[in-house]
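Take a look at the structure set out below.
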Amino acid sequence: MAEPVLDIRDLRKTFGALKATDGVSLDLRPGEIHALIGPNGAGKSTLIHQIAGTLKPDAGEVRFLGQTVNQLGVAERARMGLGRSFQVSSLATEFSALRNVMLAVQSKQGSSFRFFKPVMRDKSLTEPAMAALERVGLKDRAHVPAAELSHGERRQLEIAIALALDSKAFLLDEPMAGMGPEGSRQLTGFLDGLRHEAPILLVEHDMDAVFALADRISVLVYGRIIASGSVDDIRNNPEVRRAYLGDME
Amino acid sequence: MQTALFIEQLLNGLQLGVMLFLMAAGLTLIFGVMGLINLAHGSLYMVGAFACAIVAAQTGSFWLGLVASLAAAAAAGAIIEILVIRRLYQRDHLDQVLATFALILIFSEGTRWLFGSFPLYLDIPPLLQGTVPLPGGSRYQLYRLAIIGVGALVAIGLYLLITRTRLGMRIRAGESDREMIGALGVDIRTLYTVVFALGAALAGLAGAMVGALQSVQVGMGEPALILAFVVIVIGGIGSIKGALVGALLVGVVDTMGRFLLPQLFGLFMNASQAGIVGGALASMLIYIVMAVVLAVRPQGLFPAAKG
Amino acid sequence: MSLSRENWISLALLALLLAIPYAAINFGNPFYVTLATRMAILGLAAVGLNVALGLGGLVSFGHAAFFGVGGYIAGIMASHAMSMQPLNFGLFALPASNQMLAIWIVAMLVAGVLAAAIGAISLRTSGVYFIMITLAFAQMTFYFAISWPAYGGEDGLSILVRNQFPGVNTMVPINYFLICFGVLVVALILFALIKNSRFGAALQAARQNEVRVASVGIAPFRIRLVAFIVSGMITALAGALYADLNRFVSPSMLSWHMSGELIVLIILGGVGRLAGPLAGAMLFVMFEFLLGGLTERWQFFLGLLLLGVVLFARGGLIGLVAGRQRHG
């Protein structure tokens, strides 16, 4: 079996008496979509924050591309190729869609300490950024400020940014949230192909999308992974049905 | 003699600290509850001092002046809250800084317009004019001791107000969750005006008490304001306890620095040089303390629950 | 190459500023030359602050520290050059110079080091903390200047003869105006370049959304620190020019009031706009002059005006003329 791209080992984080992450281990292997599901308050966001680097775990290890990244900040992990979309979209709202993506291109190219060359006339920035927008279907909206994009378009833009970073792994936090059925269907098709470029750790509430996309599913409840396996395993796991799926059917 | 001087300076430091606490408590309360940075807090301090000086001069009673200072500062606070400040709660900090900077200009020039540029003088009330003996043989001004006492009373009063009363409960609720307090049916606009007026009254009280030690003049508020900023940065913005600890720390460090540093440098350079170097360093000491605290704890000594 | 409306406004403002002293001389009123020079210098100081405040969203309430340090460097170098005493740094000594070019470089270097120190501490925080801390550190330089008697202490320091510029008699007001004007133009070009550069993109994005910038792999702290240093250096250059204009430097250049005024200049003009600081400075100096001629209490009305702008006209003057700003 191939070496995992992202490998989380026995991660622990408590807030006061609350064990938000209680010994979580999971990995992400090349070419797969690993879905992380669980009821609200299960600790999914806390886990994502620790993987991305915004929160420091109390114990355990986050390994990315074969090295431990516990000591690295958000920016350093992103530079290594950890691409991310947010539960509530997080963009430079005054900037156009294009400039949001260009920021990722500029980061990937190396230094942001260049003071004189105008970015809008720099084809090495605009062309890759435009290409990323085209892939997510936002080319026509490239010059619209992010603040004026629709909810679904902002979701697409976040994915375009992650694409432009040439990510080695994607961390997508509820990318379907708030999208219409048509948008969800398109995005599902897109993510289906994306896994071959880089594996995806997908946090999602839309069970249709999860069952359609996931190679593996892990179920997080009260900070613990109670089950992990294929789609069928999870569908038929009685504990999962009781803890989580039961109230959805 | 040295011991007596030392104790005297220590008390002076406490007295400065108490005065800073009165300023900082209002600032930090207003920030904690409304999320507002108020540069014009120094103007309210000045309003208190002027009100006290004028009423004391007219009536001959410092105590009436003191009442007037509380009333005038609270009224001025309530008026600017209703006219200006409440439009700023939803704005960013830059707008808050600018609007309250504009208020400083208006207050300062307005005061100069009304009362002229000459300082007013405020006498220490006869009851507190004496001195008390200190261990070591020297004597200490009773009035300064009284300031320390007032500060202690205010600290206890604020503690009781916040932990034991309905108003305090609402203030705590407002600090932790602004929406919840609206849902509780509390009239949030009135609450904000009351909190602002309370903070203003504390600043006015500080201004009036210090007015009897120094002269009462336009511009007296800003140095106190900036020291109060240092206090709440050290203590942690939004924390009354932090304001108290920070104020006493700043008051004592500043006073003792000015007293001890020139002597310290005097051990290895001549007296006049030591006075210069020690004095210059002492003038920067509290800012250095602030930098050190920030380097270790960027959120201050007692960070409030929310950012 | 087509110019945006905003760039046209900048050019028009510069042309207007350039015209003032010549018109003044023609109408036999050379005092206005000094007024125009003040506009140019305060505009330059505000251009500097605009890098941190406008582009980076860093509300520094302590830029008077850099303005004053620039002024003191000009004063100290001039006084040492006058008395032929080298500048003694303890470990080494440098010959003092009364050449403006040398003074400007020293002023910017010293301010750059100071900005790096203040920035490294204050940029670990944000929001109100940042405002209060920058204010406090500026106040520290103010008290230091007052308590250090070697360079005048509270009384300040006079520059007997204005410092020199190669091939120009700087004591002729129009010549000195042109020097300041030239520096302002260079700074405006620099600002426009930075704004549109990769660095500017990262800096402006960090103002809009810090998390986004970090999650594409750019650490906001380093970007902001460099911006703060560049900002302080430009403002220090303005301070050096200001000291030479007045041939006097005093602790008032370091006061919190000065810091507030610099922010006010930008707000009157329009935050983050290329021409904002210049428009604000011209408006401010004109306001001060006209209203100051009518009433001693002009700052009262300045306060009312400022309150009106903050509460009701947030785009500033340039915002009223050029409309909302858009990014590519």
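The values are calculated or read from the model by the stated rules, or taken from the named source; none is laboratory data. Bear in mind that the values here come from a model prediction, so they are computed numbers and not experimental data. Using ideal geometry, Cβ is built from the backbone for each residue, glycine included, and neighbour counts are taken over all protein chains shown.
What to note about this one:
- Candidates A:A131, A:A146: the one that is closer than 21 Å to C:R198 by Cα and either among the basic types (K, R) or surrounded by 20 or more Cβ atoms within 10 Å (Cβ to Cβ) (or both) is A:A146.
- Subset of the range C:161-212 [farther than 23 Å from C:L274 by Cα, among the hydrophobic types (A, V, I, L, M, F, W, C) and not in a loop (DSSP other than H, G, I, E, B)]: C:F165, C:V168, C:I174, C:V211
- Boolean, C:L254 is under 22 Å from C:F130 (Cβ atoms) and surrounded by fewer than 23 Cβ atoms within 10 Å (Cβ to Cβ): no
- Pairing residues of the range B:266-284 that are under 18 Å from B:L227 (Cα atoms) with residues that are of a type in the set (V, I, T) and not in a helix (DSSP H, G or I), at Cβ distances under 9 Å and at least 6 apart in sequence or on separate chains, gives no pairs at all.
- Here C:H63 meets the list (1) under 23 Å from C:Q204 (Cβ atoms); (2) at pLDDT 95 or above; (3) surrounded by fewer than 24 Cβ atoms within 10 Å (Cβ to Cβ) almost entirely, failing just condition (3).
- Summed over the range A:1-42, residues that are surrounded by 22 or more Cβ atoms within 10 Å (Cβ to Cβ), assigned to a loop (DSSP other than H, G, I, E, B) and of a type in the set (G, A, S) total 2.
- Within the range A:52-80, the set of residues being within 11 Å of another protein chain (Cβ to nearest Cβ) and at positive phi comprises just one member, A:G53.
- In the range B:187-198, the residue that is surrounded by the most Cβ atoms within 10 Å (Cβ to Cβ) out of those that are of a type in the set (A, V, I, L, M, F, W, C) and at pLDDT 90 or above is B:F196.
- Taken together, A:R235, A:R241, A:R216 contain a single residue that is at pLDDT below 90 and either touching a Leu at 6+ places or on another chain (Cβ under 8 Å) or under 17 Å from A:I8 (Cβ atoms) (or both), which is A:R235.
Condition check ((1) among the aliphatic types (A, V, I, L, M); (2) assigned by TED's automatic domain parsing to the domain that holds A:R216) across all residues:
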{"position": "A:V144", "(1), (2)": "yes, no"}
{"position": "A:H151", "(1), (2)": "no, no"}
{"position": "A:I159", "(1), (2)": "yes, no"}
{"position": "A:M179", "(1), (2)": "yes, yes"}
{"position": "A:I200", "(1), (2)": "yes, yes"}
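- Test: residue in the range C:77-97 that is closer than 23 Å to C:F165 by Cβ, in contact (Cβ under 8 Å) with a residue 24 or more places away in the chain and assigned to a loop (DSSP other than H, G, I, E, B): no
Residues checked against (1) more than 17 Å from C:A150 (Cα to Cα); (2) within 13 Å of chain C (Cβ to nearest Cβ); (3) in contact with a Cys (Cβ under 6 Å, 6 or more places away or on another chain):
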{"site": "B:V253", "(1), (2), (3)": "yes, no, no"}
{"site": "B:L261", "(1), (2), (3)": "yes, yes, no"}
{"site": "B:L264", "(1), (2), (3)": "yes, no, no"}
{"site": "B:L267", "(1), (2), (3)": "yes, no, no"}
{"site": "B:G278", "(1), (2), (3)": "no, yes, no"}
{"site": "B:S283", "(1), (2), (3)": "no, yes, no"}
{"site": "B:Y287", "(1), (2), (3)": "yes, yes, no"}
{"site": "B:R297", "(1), (2), (3)": "yes, yes, no"}
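- Selection status of A:Q109, within 10 Å of chain C (Cβ to nearest Cβ) and surrounded by fewer than 18 Cβ atoms within 10 Å (Cβ to Cβ): yes
- Only one entry in A:S111, A:S25 is more than 16 Å from the chain's Cα centre (by Cα) and touching a residue at least 24 places away in the same chain (Cβ under 8 Å), namely A:S25.
- Scanning the range B:199-241 for residues that are part of a loop (DSSP other than H, G, I, E, B), away from chain C (no Cβ under 12 Å) and either touching a residue at least 24 places away in the same chain (Cβ under 8 Å) or crowded, with 24+ Cβ neighbours inside 10 Å (or both) gives B:A212, B:L213, B:S215, B:Q217, B:M220, B:S239.
- Residues within the range C:287-316 that are over 17 Å from B:I106 (Cα atoms), within 21 Å of the chain's Cα centre (by Cα) and not aromatic (F, W, Y), tallied: 2
- Output for the range A:46-79, where each listed residue is in contact (Cβ under 8 Å) with a residue 60 or more places away in the chain and surrounded by fewer than 17 Cβ atoms within 10 Å (Cβ to Cβ): A:L65, A:G66
- Lone unmet requirement of (1) assigned to a helix (DSSP H, G or I); (2) among the hydroxyl-bearing types (S, T, Y); (3) within 14 Å of chain C (Cβ to nearest Cβ) for B:S117: (1)
- Residues of the range C:179-229 satisfying the condition of being more than 11 Å from chain A (Cβ to nearest Cβ), touching a residue at least 24 places away in the same chain (Cβ under 8 Å) and closer than 30 Å to C:N169 by Cα: C:I179, C:C180, C:F181, C:V183, C:L184, C:V185, C:A187, C:L188
- Restricted to the range B:57-108, and to residues there that are buried (at least 22 other Cβ atoms within 10 Å of the Cβ) and among the hydroxyl-bearing types (S, T, Y), the residue that is nearest to the other protein chains (Cβ to nearest Cβ) is B:S108.
- Scanning the range C:105-143 for residues that are at the interface with another protein chain (Cβ under 7 Å from one of its Cβ atoms), in contact (Cβ under 8 Å) with a residue 24 or more places away in the chain and among the polar types (S, T, N, Q) gives a single hit, C:Q139.
- Test: C:L294 is out of contact with any helix residue (DSSP H, G or I) (no Cβ under 6 Å at 6 or more places or on another chain), modelled with pLDDT of 90 or more and surrounded by fewer than 22 Cβ atoms within 10 Å (Cβ to Cβ): no
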